[in-house]
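S.K.: Got a structure here, written out as structure tokens. Questions coming.
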Amino acid sequence: MKVVTDFAAAHYLRGYDGPCNRLHGHNWKIEVEATAISLDKVGMGIDFKDLKGHTKALLDKLDHYNLNDIPPFDKINPTAENLACFLFTELSKTVNDERVRISSITIWETERACVRYEEE
């Protein structure tokens, strides 16, 4: 199961030797994948509506902000990799149960560059 959404936010990379150390923004595309080990009585792993809702609730806390001002990115660099790990961890807290778990997060920083985060 996968849902795709997006949000807009600015960031800058501390300690980076290049133009990304200056404030700039992205329209981030987010792919959230979940895996089910069994289906519910309706025949779903998780309702797409529910997966989208959990994702939107989390992304609303980041949308149209400078990520560097929002914990944990006020302490760690808001790289695409750290953002993917953060989204994976936070969504796992609200989605994972005995049947369903978040399996990966893919973040597109541009239409030609993305990272994928997953845990075993």
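S.K.: With everything on Cα atoms, drop me the angle between helix 80-95 and the longest principal axis of the chain, reported from 0 to 90° to the nearest 10.
M.R.: Tilt of helix 80-95: around 30 degrees.
S.K.: Another question about this same structure. Quick check: the angle from helix 48-59's long axis to the longest principal axis of the chain, C-alpha only, nearest 10 degrees?
M.R.: Tilt of helix 48-59: around 30 degrees.
S.K.: Tell me the label only: which of (1) 15.1, 54; (2) 13.7, 44; (3) 12.5, 33 is Rg and Dmax of the Cα atoms in Å as calculated from this structure?
M.R.: Correct label is (1).
S.K.: Might you report the magnitude of the Cβ-based charge dipole of region 2-117 about its Cα centre, with Lys and Arg at +1 and Asp and Glu at -1, to the nearest 20 debye? Walk me through the intermediate numbers first.
M.R.: On the way: 15 positive and 17 negative charges, 16 e Å.
I would put it at about 80 debye.
S.K.: Then there is this: Taking H placed 1.01 Å from N in the peptide plane, check which residues at least 5 places from G45 or on another chain put their amide H under 5 Å from its amide H.
M.R.: Close amide H contacts, sequence-distant or interchain: D40.
S.K.: When the Karplus curve 6.51 cos²θ - 1.76 cosθ + 1.60 is applied with θ = phi - 60°, which whole-Hz ³J(HN,Hα) does each residue of region 38-44 get, with x for Gly and Pro?
M.R.: 7, 9, 7, 5, 7, x, 10
S.K.: Follow-up. Cross-link candidates for K61: which lysines have Cα within less than 30 Å, leaving aside residues fewer than 8 places away along the same chain?
M.R.: Counting by Cα, and skipping residues close in sequence, K61 has these lysines nearby: K2, K29, K49, K52, K75, K93.
S.K.: Something else: Using only DSSP helix segments of four residues or longer, with each worth -39500 (n - 2.57), what per-residue ellipticity at 222 nm results for the chain after dividing by its residue count and rounding to 500?
M.R.: On the way: 2 runs with 28 residues, N = 120.
Value at 222 nm, helices only, nearest 500: -7500 deg cm²/dmol.
Here, each number is a calculation from the coordinates, and none is a lab measurement. As the structure is a computational prediction, the values presented were derived from the model and not from experiment. Ideal geometry is used to build each Cβ from the backbone, glycine not excepted, and the neighbour counts take in all protein chains shown.
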